[in-house]
Amino acid sequence: MSESPLVWHYGLMAEYWARFKTDAPEMPQLLKLIGRFGQPVLDLACGSGRILTNLLIAGVDADGVDISDDMLDGARKAASAHGFSPALLAQPMHELNLPRQYGTILICDSFGLGGGRRNDLSMFRGCREHLKPGGALVFNLGMEYSDEDWDLWKITARERLPADWPDFPITRVLPDGSEFRLRIRTVELDPMAQSYVREMSIEKWQGGRRVAVESSHLRGSLYLPQELLLMLQVAGFQAVRTFGGLTDNEATSRDAELVFVAVK
């Protein structure tokens, strides 16, 4: 499998994220973790600034990194609307080269999109290098065994790929009446490589007319907890804890999302 990251966060998809992905219900627990491990904070794979902007509003010294200039443009505009001008850098996650160290590095909803396992291990090592002593890398990951796509690990289910497009798109409407219509489907799942490829089609409509349409693919790596714990150990982290989502509860096999807190 290629190690080059393959993401769809450009063009219309970046605009969609900037327009509609702004809420950050994770903030109370993230601020609690930042209070423990310190500032400044790096929002790695910050996208259009959903988390970053809310960190700045909360008074946190925070920078952002993302692979997509289009997403960073959204993050820049979101921060500027509140009077902030954070440092925003376009870099792949596995090639971090930043001028300062951080108390806390966050990866929210983006781990596994780095291009493959070698890149993800390089990313862990790079994050550790950019942390202050005692600082922490915090990232979340949905557990594949809790997702409907877990069925695609079966040979008979994979034979039906690529999946059909959903009958109805995800539709979001702007105040001016413009619409975004988004469809996503799984086109490939490889249990040997533990990777998937998804395809998206997004349309923008104005005044009852389709004015733009784009399609692209996203490739992600599939992980189970024990592999990640070993990778973090190999990357040099001294202590790692797993929680059931953004809670204070230790993770169990019933949790659909795990949060990893790896301390330098």
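The values are calculated or read from the model by the stated rules, or taken from the named source; none is laboratory data. For clarity, every value in this text was computed on a predicted model and none was experimentally measured. For neighbour counting, all protein chains shown are included, and Cβ atoms are generated from backbone atoms with ideal geometry for every residue, glycine included.
Key figures for this structure:
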{"read-out": "Breaking point among (1) under 23 Å from residue 215 (Cα atoms); (2) at pLDDT 95 or above; (3) of a type in the set (S, T, N, Q); (4) surrounded by fewer than 17 Cβ atoms within 10 Å (Cβ to Cβ), for residue 29", "value": "(1)"}
{"read-out": "Unique residue being more than 26 Å from residue 11 (Cβ to Cβ), surrounded by 16 or more Cβ atoms within 10 Å (Cβ to Cβ) and more than 14 Å from the chain's Cα centre (by Cα) when the list is 160, 76, 117", "value": "117"}
{"read-out": "The range 129-160, subset assigned to a helix (DSSP H, G or I) and among the β-branched types (Val, Ile, Thr), residue nearest to residue 113 (Cα to Cα)", "value": "155"}
{"read-out": "Residue check, residue 163 assigned to a loop (DSSP other than H, G, I, E, B), among the hydrophobic types (A, V, I, L, M, F, W, C) and over 25 Å from residue 252 (Cβ atoms)", "value": "yes"}
{"read-out": "Residue that is farther than 30 Å from residue 32 by Cα, acidic (Asp, Glu) and assigned to a loop (DSSP other than H, G, I, E, B), where the choices are 255, 248, 176", "value": "176"}
{"read-out": "Subset of the range 245-264 (residues that are closer than 29 Å to residue 163 by Cα, touching a residue at least 40 places away in the same chain (Cβ under 8 Å) and either among the basic types (Lys, Arg) or surrounded by 17 or more Cβ atoms within 10 Å (Cβ to Cβ) (or both))", "value": "255, 258"}
{"read-out": "Pairs, first in a loop (DSSP other than H, G, I, E, B) in the range 192-216, second surrounded by fewer than 18 Cβ atoms within 10 Å (Cβ to Cβ), C-beta under 7 Å, six or more apart", "value": "193/1"}
{"read-out": "Residues that are over 24 Å from residue 117 (Cβ atoms) and in a helix (DSSP H, G or I), drawn from the range 72-97", "value": "72, 73, 74, 75, 76, 77, 78, 79, 80"}
{"read-out": "Residue check for residue 95: surrounded by fewer than 19 Cβ atoms within 10 Å (Cβ to Cβ), over 21 Å from residue 258 (Cβ atoms), within 19 Å of the chain's Cα centre (by Cα) and not aromatic (Phe, Trp, Tyr)", "value": "yes"}
{"read-out": "Flag if residue 43 is touching a Pro at 6+ places or on another chain (Cβ under 6 Å), of a type outside the set (A, V, I, L, M) and either at pLDDT 95 or above or surrounded by 24 or more Cβ atoms within 10 Å (Cβ to Cβ) (or both)", "value": "no"}
{"read-out": "Options 168, 139, 180; residue that is in contact with a helix residue (DSSP H, G or I) (Cβ under 8 Å, 6 or more places away or on another chain) and of a type in the set (Phe, Trp, Tyr)", "value": "180"}
{"read-out": "Selected residue (only one of 242, 186 is part of a strand (DSSP E or B), β-branched (Val, Ile, Thr), in contact (Cβ under 8 Å) with a residue 24 or more places away in the chain and crowded, with 17+ Cβ neighbours inside 10 Å)", "value": "186"}
